[in-house]
Structure formats: structure tokens, C-alpha cells
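The values are calculated or read from the model by the stated rules, or taken from the named source; none is laboratory data. This structure is a prediction, so every number in the text was calculated from the model and none was measured. Virtual Cβ from ideal backbone geometry, glycine too; neighbours counted across all protein chains shown.
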Amino acid sequence: MFLYSNRFYIIFITVWIIGLYFIWAAFHSPPNDTRIKDLEAQIESLQYKLQNIQTDDRGSSQCESFRDEIKRLKQQLRRKKTKSQRKTC
């Protein structure tokens, strides 16, 4: 009999709406423009650090790690740019 009462449907719809909100909030990502700018800033700072380390002879292992990090960030940036271009088309 509880299934036929209005209180059940109100509770059910309320829980359903709250669940949808939490799912949307969990998977919502920030806009791609800000993420692209952040990635570009990280790439620039790593390139600057790499130039400073390259002038210093004792930082060869650090140079390799910075190069790997720059490659990884550039790949992320390319993926973000292609995703944003696909959305605009």
C-alpha cells in the first residue's frame, strides 16, 4: 500500500533528482579553455626550468625527467585542443 501513496513518489523523485545531481557534479569537468591555458603555462614553466638546468652541467638526469614531463603535457594539450575543436564543429 505504501507504493500507492503520494509520499512514496515524492521521496522517490527527490532521491532520484539528488542522485542525478551528484552524478552530474562528479563527472562535470572544468571548461577546456582554462585547462588548455593551464597546460600551456605548465609547458612554459618546464621549458624555462629545462633551459636553466641545461646551462648547469650537473643536471642531466633532471633534464631527462623534464623532457619527459614536457612531452606528456604536450600530448595532453594536443588531446584537449582536438576535443575542443570537435565540440565547436
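Against the definition (exposed (fewer than 11 other Cβ atoms within 10 Å of the Cβ) and closer than 30 Å to Arg67 by Cα), how does Asp38 come out, yes or no?
Against the criterion (exposed (fewer than 11 other Cβ atoms within 10 Å of the Cβ) and closer than 30 Å to Arg67 by Cα), Asp38 does not qualify.
Can you tell me which of (1) closer than 30 Å to Ser84 by Cα; (2) of a type in the set (D, E, K, R); (3) over 21 Å from the mean Cα position of the chain (by Cα); (4) modelled with pLDDT under 80 is the one Glu64 doesn't meet?
Among (1) closer than 30 Å to Ser84 by Cα; (2) of a type in the set (D, E, K, R); (3) over 21 Å from the mean Cα position of the chain (by Cα); (4) modelled with pLDDT under 80, the lone unmet condition for Glu64 is (1).
Could you tell me which of the residues Ile43, Ile13 is at pLDDT 80 or above and surrounded by 13 or more Cβ atoms within 10 Å (Cβ to Cβ)?
Exactly one residue qualifies, and that residue is Ile43.
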